[in-house]
C-alpha cells in the first residue's frame, strides 16, 4: 500500500471516529480524556419515552519532546533542521445505549455501540536540509567546494488501533 493511500485511509478513519465520538461517547477510559455527557432527561419527560444514553470522551493532546538536530560529519547544516514533534493523545470515544420497543411483547430491547478511546501517536512533518557547500577542504587552502543543495521533507506518522463493540439484547 502506498504511503499516500495509507495517509488518506488514516485521515478518513480519524474523521469517521471523530464524527462518531462527537455524536456520542462514554465515560473517560484513559486519564488523558475529558468526559462529555449528553443530557437527554428532558427528552424522556417531554415525549414520555425512554431516551438513549449517550456519553463521550475527548482526548487531551500531550506534546512530547522533539528529537533535536543531529550533527553529521561532512555536512554544514545539522540533519533534521526542523525536527518532528511527537504528539500523544487518543481518538474520541463513544458509548451509545438506546432502548428499542419490543414488537411482540412488553418491555424494551436495547442496542448499544461502544467505541472506547484509542491511543494515538503522531509525529509532525519535519525538514532536513543540506547547504550547497562542502566542509572546508584542506587541499584547497581550507575553502569549501560547491555541491548540489539537498532538501527532504520527513513524512508525518500516525499510529493507532481503534476498536468498537456492537451489542443487542433484552433489558433496558
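Residue-level check: of (1) surrounded by 15 or more Cβ atoms within 10 Å (Cβ to Cβ); (2) at pLDDT below 80; (3) within 25 Å of the chain's Cα centre (by Cα), residue 11 misses just (1).
Listed here are the residues, each with its yes/no results for (1) touching a helix residue (DSSP H, G or I) at 6+ places or on another chain (Cβ under 6 Å); (2) exposed (fewer than 14 other Cβ atoms within 10 Å of the Cβ); (3) at pLDDT below 85; (4) in a helix (DSSP H, G or I).
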{"position": "98", "(1), (2), (3), (4)": "no, no, yes, no"}
{"position": "105", "(1), (2), (3), (4)": "no, yes, yes, no"}
{"position": "113", "(1), (2), (3), (4)": "no, no, no, no"}
{"position": "167", "(1), (2), (3), (4)": "no, yes, yes, no"}
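Flag: residue 129 does not match the condition of being farther than 25 Å from residue 36 by Cβ and exposed (fewer than 11 other Cβ atoms within 10 Å of the Cβ).
Here residue 129 fulfils each of the conditions (1) touching a strand residue (DSSP E or B) at 6+ places or on another chain (Cβ under 6 Å); (2) closer than 27 Å to residue 40 by Cβ apart from (2). Across region 38-59, not a single residue is classified as loosely packed, with under 13 Cβ neighbours inside 10 Å, under 22 Å from the mean Cα position of the chain (by Cα) and not in a loop (DSSP other than H, G, I, E, B). On the given criteria, is residue 162 surrounded by fewer than 10 Cβ atoms within 10 Å (Cβ to Cβ), more than 20 Å from residue 77 (Cβ to Cβ) and either over 38 Å from the mean Cα position of the chain (by Cα) or at pLDDT 85 or above (or both)? No, not satisfied. Looking across region 115-133, just one residue is in a loop (DSSP other than H, G, I, E, B) and in contact with a helix residue (DSSP H, G or I) (Cβ under 9 Å, 6 or more places away or on another chain), and that is 117.
Does residue 94 satisfy the condition of being surrounded by 17 or more Cβ atoms within 10 Å (Cβ to Cβ), touching a helix residue (DSSP H, G or I) at 6+ places or on another chain (Cβ under 7 Å), modelled with pLDDT of 80 or more and under 30 Å from residue 169 (Cα atoms)? Answer is yes for this residue. Scanning region 115-126 for residues that are farther than 16 Å from residue 80 by Cα and either surrounded by 15 or more Cβ atoms within 10 Å (Cβ to Cβ) or over 18 Å from the mean Cα position of the chain (by Cα) (or both) returns 115, 116, 117, 118, 119, 120, 122. One residue stands out among those in region 138-158 that are out of contact with any helix residue (DSSP H, G or I) (no Cβ under 9 Å at 6 or more places or on another chain) and in a strand (DSSP E or B): the one that is farthest from residue 80 (Cα to Cα), which is 143.
The values are calculated or read from the model by the stated rules, or taken from the named source; none is laboratory data. Computed from a prediction, not measured in an experiment: that's the story for all the values here. Heads up, the Cβs are rebuilt from the backbone with ideal geometry, glycines too, and the neighbour counts pull from every protein chain shown.
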